[in-house]
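The values are calculated or read from the model by the stated rules, or taken from the named source; none is laboratory data. Note that the structure is a prediction, hence the values are computed from the model and not measured. Positions of Cβ are generated from backbone atoms using ideal geometry, with glycine treated the same way; all protein chains shown enter the neighbour counts.
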Amino acid sequence: MSQLADRIAVVTGASRGIGRGIALELAKRGATVLVNYHASADAANAVVEQIQAGGGTALAVQADVSTEDGANALIKAAGDAYGKIDILVNNAGTTRDNVIMMMKPEDFDAVIQSNLRSAWLCSKAAARSMMRKRSGRIINITSISGLRGQAGQTNYSASKAGIVGLTKALAKEIGPRGITVNAVAPGFVLTDLTRDLPQELVDQMLPLIPLGKWATVEDVAYAVAFLASDEAAMITGEVLTVDGGMSA
Ligand code: NAP
């Protein structure tokens with residue numbers, strides 16, 4: 001399967017979890033992948049090695065994408081190494097859950113910065129190069145928490161709802177330059193991010209999923225790979241949920 005051959009993809013937060021799965025899937029389909037990470041250098045290098053072992057090309061790039069310098073340096077790394085960027089997946093994210101009465105303003109700001117500001121900064125940096133060549137794909141990872149709201153996640157839900165707005169506005173703004181901008185909204189996926197959720201909350205959610213099972217990292221990666229493919233050329237400003245029907 002080499003439908004993404006010759007494409008240069010940047011995946012933010014690709015050292016672990018969903019981002020790792022997206023990086024592996026895009027590479028499997030022929031893309032050269034920049035594996036961004038913040039702190040987990042060993043994990044990011046392991047993703048690169050796995051891609052190389054499968055005959056692909058990848059590069060680990062450390063950058064805190066919630067900062068302007070970090071986001072710009074990451075996108076510049078793609079240009080420096082490969083001369084262009086075709087696909088940007090804004091996946092990096094975090095949580096600092098609490099009820100609003102206990103949540104500190106720093107917890108609100110940190111989550112907005114990691115999840116929303118990072119996507120805006122990386123999109124801005126990548127759009128410049130994509131607009132010049134009049135093609136590109138930006139895929140933002142939001143969450144059903146951003147569509148429905150989740151108690152205990154006022155910061156996270158706001159950041160993810162913000163990503164939906166960013167996706168739709170940017171799709172309108174740079175669509176005329178041949179760039180599509182879409183979002184993927186996973187339901188619950190077992191990763192480091194969700195490992196510590198209270199078991200009773202997890203147990204309450206499962207019966208709400210019509211397909212009766214949790215989404216996997218691979219389920220999310222397939223949706224991203226589709227939106228990055230030529231077959232999705234006419235789709236922009238969309239939010240594709242990958243939640244087993246939970247939010248239907
Ligand atoms: P995860 O396992 O905790 O991995 C988070 C990744 O983001 C790591 O690679 C981490 O890098 C990176 N990261 C965090 N802040 C960063 C920053 N400032 N700069 C660069 N990289 C940064 O999380 P996940 O569950 O895979 O989640 C990935 C995305 O999917 C997030 O946007 C999350 O909101 C979304 N999502 C997850 C679920 C779910 O159930 N898991 C559901 C819906 C949406 P380091 O390893 O270097 O720290």
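Here are a few things to note about the model shown:
- Test set (1) away from the ligand (no atom under 15 Å from the Cβ); (2) farther than 15 Å from residue 123 by Cα; (3) at pLDDT 95 or above; (4) of a type in the set (Gly, Ala, Ser) - residue 44 fails condition number: (1)
- Residue within region 15-28 that is surrounded by 22 or more Cβ atoms within 10 Å (Cβ to Cβ), free of Cβ contacts under 8 Å to residues at least 24 places away in the same chain and farther than 15 Å from residue 139 by Cα present: no
- Scanning region 186-229 for residues that are of a type in the set (Asp, Glu) and part of a helix (DSSP H, G or I) gives 200, 203, 218, 219.
- Answer residue from region 65-89, given it is under 18 Å from the mean Cα position of the chain (by Cα) and under 11 Å from residue 9 (Cα atoms) and is nearest to the ligand (Cβ to nearest atom) among those: 89
- Given (1) of a type in the set (A, V, I, L, M, F, W, C); (2) surrounded by 19 or more Cβ atoms within 10 Å (Cβ to Cβ); (3) within 10 Å of the ligand (Cβ to nearest atom), index of the condition residue 197 fails: (2)
- Tabulated pairs, region 183-207, first modelled with pLDDT under 90, second part of a helix (DSSP H, G or I), C-beta under 7 angstrom, 6+ apart or interchain: 193/17
- Pairs with Cβ under 8 Å, 6+ apart, first in region 138-156 and at positive phi and assigned to a loop (DSSP other than H, G, I, E, B), second of a type in the set (Ser, Thr, Tyr) and within 11 Å of the ligand (Cβ to nearest atom): 149/157
- Checking the stated criteria, residue 225 turns out to be away from the ligand (no atom under 15 Å from the Cβ), under 29 Å from residue 3 (Cβ atoms), surrounded by 23 or more Cβ atoms within 10 Å (Cβ to Cβ) and under 17 Å from the mean Cα position of the chain (by Cα).
- Among residues of region 74-96, those that are part of a loop (DSSP other than H, G, I, E, B) and surrounded by fewer than 24 Cβ atoms within 10 Å (Cβ to Cβ), counted: 6
- Among residues that are outside any helix (DSSP H, G or I) and either among the polar types (S, T, N, Q) or surrounded by 12 or more Cβ atoms within 10 Å (Cβ to Cβ) (or both), residue 235 is included.
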